[in-house]
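Notes follow once the structure below has been shown.
None of the figures in this text is laboratory data; all of them are computed from the coordinates on show. Quantities reported herein were computed from a predicted structural model and do not represent experimental measurements. Reconstructed Cβ throughout: ideal geometry from the backbone, glycine too, with neighbour counts over all protein chains shown.
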Amino acid sequence: MNTWDGKEGFDFLGFHHRKFPKHVKDGKRVYIMTHVPSKKAMKNMQKKEEYIDYLQYTKS
């Protein structure tokens, strides 16, 4: 039983997981799972980078 329609994904361990259709030979359709960093994780990474840049700027 598949209750996932593939139109939405879910966030887990800092990544957004989602299935996308991929067309292969003979007109068959298979779904592949993609994993991209979530928006929340990206914001945290940007904050860390800004902090590191700030530390390097204040040292000089």
Per DSSP loop assignment and a cutoff of at most 13 other beta carbons within 10 Å, the chain keeps its longest run without exposed trypsin sites (Lys or Arg not before Pro) at 29-60
Given the DSSP H assignment, sum -39500 (n - 2.57) over each helix run of at least 4 residues in the chain and divide by its residue total; what's the result at 222 nm in deg cm²/dmol, nearest 500?
-12000 deg cm²/dmol
Can you give the convex hull volume per residue for the Cα atoms of the chain, as a whole number of Å³?
103 Å³
If amide H atoms are modeled at 1.01 Å from N in the peptide plane, then the residues at a separation of 5 or more from residue 15, or on another chain, having amide H under 5 Å from its own are 38
Compute the distance in nm between two label points, each set 7 Å from the Cα along the Cα-to-Cβ direction, one at residue 24 and one at residue 48.
3.6 nm
